[in-house]
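Before any comments, here is the structure.
The values are calculated or read from the model by the stated rules, or taken from the named source; none is laboratory data. Treat the numbers as computed from the prediction; the structure is a model and nothing was measured. All Cβ positions, even for glycine, are placed from backbone atoms using ideal geometry, and neighbour counts span all protein chains on display.
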Amino acid sequence: MPPQRVNGTRRFMLAGLGLLAAAIAIYAAYRLFTPPAPEIDIAYNTVSRDGLYQVMFETDAQPVPVNETHEWVVTVTTPDGAPVTDASIAVDGGMPAHGHGLPTEPQAAENLGEGRYRVEGMRFNMGGHWEIRIGISADPGLDEAVFNLDL
Amino acid sequence: MKTARRHAAIGALCGLLALSACDSGALSEDERAKIASLSIDALGPVPPSPGNRFADDPRAADFGRRLFFDEGLSGTGTVSCATCHNPDRQFQDGLPRGVGVAETDRRTMPLAGAAWNIWQFWDGRRDSLWAQALTPLEDQREHAGNRTAYARYIAEAYAGTYEEIFGPLPDLSQAPENASPLGTETERADWSAMAPEQREAVNRVFADIGKAIAAFERTLAPPETRFDRFARAMAAGQQPAGNAAFSDLELEGLRLFIGKANCLECHNGPRLTDDHFHNTGVPPAEGLPEDLGRATGIATVQSDPFNCLGRHSDATPEACEALRFMKRDATAMERAYKTPSLRGVAGRPPYMHAGQIASLEAVIDHYSSAPDAVSGQSEIRGVVFTDRGRQALIAFLKTLDPSGP
């Protein structure tokens with residue numbers, strides 16, 4: 001094999017690698033300067049806006065399903081963990097990015113005791129970011145807990 | 001130097017290829033999950049119909065099939081369910097608006113998979129298939145008949161079959177020949193003059209007609225499509241073979257559908273519908289009366305005597321989930337219409353609730369330009385498509401056609 005040819009192959013590879021690296025660098029820079037997706041706090045346990053209640057929700061359907069009517073159990077305690085047993089619960093929500101609400105009107109159907117409330121008629125009709133607002137009215141006062149879900 | 005330059009050019013090309021591969025390479029995990037969610041394999045069995053205890057009775061389904069095709073079930077003797085829901089055309093008619101005895105205001109919907117719907121009609125004004133089936137029978141532009149005439153017809157033409165399924169027919173000899181709470185002035189007057197128990201007897205036979213037709217319609221499952229075979233191969237980690245393999249254009253269309261084109265926001269799940277109502281800014285068809293869509297349907301379904309909570313429903317009130325948790329805010333639902341399933345969509349132009357849009361190309365143009373709604377608020381945000389993107393999206397939609405290649 002003539003040395004010139006070896007030289008040519010190596011140069012070809014180097015050029016190729018160099019340009020590939022450059023391309024990757026450009027792509028990485030592009031990704032770096034693309035604004036990151038907004039941070040969404042996804043938790044099933046949160047403190048209500050004015051700090052009156054600690055609120056948690058549980059659901060048998062995991063992950064939270066799309067296009068399936070299902071139930072939630074919402075647990076409400078005071079910040080120091082005492083169950084709030086006599087609360088009125090109202091559930092509302094929607095997709096902030098699309099400007100529409102829930103496809104259903106969920107209802108707090110049953111007070112299960114020990115600060116637990118069964119909510120029926122939960123339904124999400126598309127994937128994406130949903131905001132669920134749980135209004136709580138009990139002795140400590142009126143407050144609202146907000147859950148962000150990414151389905 | 002010349003060789004080096006040429007090699008550098010090849011290298012640059014490789015770099016570019018690497019970049020574009022970010023867009024056209026193998027399907028990501030997220031894309032695979034979305035594809036699987038649309039597959040017919042994700043469709044569960046036909047959901048229960050608590051209001052219809054004959055829903056899964058094969059005798060009722062057989063009776064319902066006969067009724068579905070029976071033109072005797074009309075005021076004129078010329079219209080059956082199949083007049084608009086033509087089985088050779090996906091149980092629809094290909095017309096902008098259905099034509100029974102006269103032209104209606106809405107596009108006929110196909111029936112495959114209708115038993116999975118939560119709401120029936122474009123505006124969801126019925127909450128079950130059996131309640132739906134009753135409505136056109138008394139619509140003067142559709143079957144143009146009346147309630148007592150239908151009950152009497154069943155007693156005359158189908159007494160044995162009826163009684164085998166539903167039990168003894170009531171004595172209808174005293175019932176007027178033509179009477180209905182929804183008919184002509186005379187029919188309404190004659191209906192009011194009937195004894196309450198006689199009206200209820202007629203209502204029961206009438207409701208059973210709907211329950212039988214619904215039992216038949218529940219057997220109309222969405223057929224498997226090329227897309228489903230493609231999705232099944234993907235899910236199994238196999239290369240789709242034969243006609244399950246997608247062309248580059250179809251794959252590109254699928255990726256747009258589940259990605260940048262935002263179609264999945266409403267057309268999701270194995271029937272490619274979210275079973276909900278959306279204002280998408282579709283302009284009204286010319287010459288039709290004002291149509292507010294779901295905003296009107298909410299009150300109509302609540303007052304329907306044949307809804308899930310009505311006395312002819314077999315459901316316990318707790319089982320009436322659709323009505324119990326129904327979104328009642330009519331203002332938010334102005335000119336919102338039900339998301340139609342996209343299975344078989346390429347084979348059934350024209351589109352939209354009054355057949356306003358003639359072709360899929362024009363539908364894509366509509367969603368691309370996203371015009372404001374004439375009333376209410378359109379949810380659509382415009383998407384810019386390249387010509388290739390439009391073609392790709394249509395190529396993908398054709399893979400949802402049951403008769404697709």
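The condition of being surrounded by 15 or more Cβ atoms within 10 Å (Cβ to Cβ), out of contact with any strand residue (DSSP E or B) (no Cβ under 8 Å at 6 or more places or on another chain) and either in a loop (DSSP other than H, G, I, E, B) or among the basic types (Lys, Arg) (or both) does not hold for B:ALA346.
Return the residue satisfying two criteria in turn: it lies in region B:367-397 and is aliphatic (A, V, I, L, M) and crowded, with 18+ Cβ neighbours inside 10 Å, and of such residues it is farthest from B:PHE230 (Cα to Cα). Before the answer, list the steps.
Restricting attention to region B:367-397, the residues satisfying the condition of being aliphatic (A, V, I, L, M) are B:370, B:373-374, B:380, B:383-384, B:392-395, B:397.
With crowded, with 18+ Cβ neighbours inside 10 Å added as a condition, the list becomes B:373, B:380, B:392-395, B:397.
Working: B:ALA373: 37, B:ILE380: 29, B:ALA392: 16, B:LEU393: 16, B:ILE394: 17, B:ALA395: 14, B:LEU397: 13 Å.
Among those residues, the one meeting the criterion is B:ALA373.
Where residues in region A:106-126 are surrounded by fewer than 17 Cβ atoms within 10 Å (Cβ to Cβ) and facing another protein chain (nearest Cβ under 10 Å), which of them is modelled with the lowest pLDDT? Of everything passing the filter in region A:106-126, A:ALA109 is modelled with the lowest pLDDT. For B:SER173, the conditions (1) at pLDDT below 95; (2) more than 27 Å from B:GLU187 (Cα to Cα); (3) small (Gly, Ala, Ser) are fulfilled apart from (2). From the list B:ASP123, B:ASP88, the one residue that fits, being of a type in the set (D, E, K, R), assigned to a helix (DSSP H, G or I) and over 14 Å from B:ILE209 (Cα atoms), is B:ASP88. Please go through region A:128-148 and give me each residue that is crowded, with 19+ Cβ neighbours inside 10 Å and over 21 Å from A:GLY51 (Cβ atoms), ordered by number. Answer for region A:128-148, where residues must be crowded, with 19+ Cβ neighbours inside 10 Å and over 21 Å from A:GLY51 (Cβ atoms): just A:TRP130. Among the criteria (1) buried (at least 18 other Cβ atoms within 10 Å of the Cβ); (2) free of Cβ contacts under 8 Å to residues at least 24 places away in the same chain, the one B:SER359 does not fulfil is (1). Tell me, yes or no, whether region B:91-103 has at least one residue that is out of contact with any strand residue (DSSP E or B) (no Cβ under 8 Å at 6 or more places or on another chain) and among the polar types (S, T, N, Q). Checked region B:91-103: no residue is out of contact with any strand residue (DSSP E or B) (no Cβ under 8 Å at 6 or more places or on another chain) and among the polar types (S, T, N, Q). Applying a threshold of 9 Å to beta carbon distances and a minimum spacing of six or more residues, or different chains, the list of pairs starting in region B:41-55 at a residue that is within 12 Å of B:ALA214 (Cβ to Cβ) and among the β-branched types (Val, Ile, Thr) and ending at one that is surrounded by fewer than 17 Cβ atoms within 10 Å (Cβ to Cβ) and at pLDDT 95 or above reads B:VAL46/B:ASP56; B:VAL46/B:THR219; B:VAL46/B:ALA221.
Consider B:SER341 carefully, then state whether it is of a type in the set (S, T, N, Q), within 13 Å of chain A (Cβ to nearest Cβ) and out of contact with any Asp or Glu (no Cβ under 7 Å at 6 or more places or on another chain). It is true that B:SER341 is of a type in the set (S, T, N, Q), within 13 Å of chain A (Cβ to nearest Cβ) and out of contact with any Asp or Glu (no Cβ under 7 Å at 6 or more places or on another chain).
Residue-wise test of (1) of a type in the set (Gly, Ala, Ser); (2) more than 20 Å from B:CYS84 (Cα to Cα).
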{"residue": "B:CYS308", "(1), (2)": "no, yes"}
{"residue": "B:PRO317", "(1), (2)": "no, yes"}
{"residue": "B:ALA332", "(1), (2)": "yes, yes"}
{"residue": "B:ALA354", "(1), (2)": "yes, no"}
{"residue": "B:HIS366", "(1), (2)": "no, yes"}
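Of the residues making up region B:141-164, just one is free of Cβ contacts under 8 Å to residues at least 60 places away in the same chain and not in a helix (DSSP H, G or I), namely B:ARG141.
Which residue, of B:ASP365, B:ASP314, B:ASP329, is of a type in the set (D, E, K, R), more than 14 Å from chain A (Cβ to nearest Cβ) and either over 27 Å from A:HIS98 (Cβ atoms) or in a loop (DSSP other than H, G, I, E, B) (or both)? Reasoning before the result, please.
Working: B:ASP365 fails: either over 27 Å from A:HIS98 (Cβ atoms) or in a loop (DSSP other than H, G, I, E, B) (or both); B:ASP329 fails: more than 14 Å from chain A (Cβ to nearest Cβ).
The conditions single out B:ASP314.
Between B:THR148, B:THR135, the distinction of being crowded, with 22+ Cβ neighbours inside 10 Å and under 28 Å from B:ARG106 (Cα atoms) belongs to B:THR148 only.
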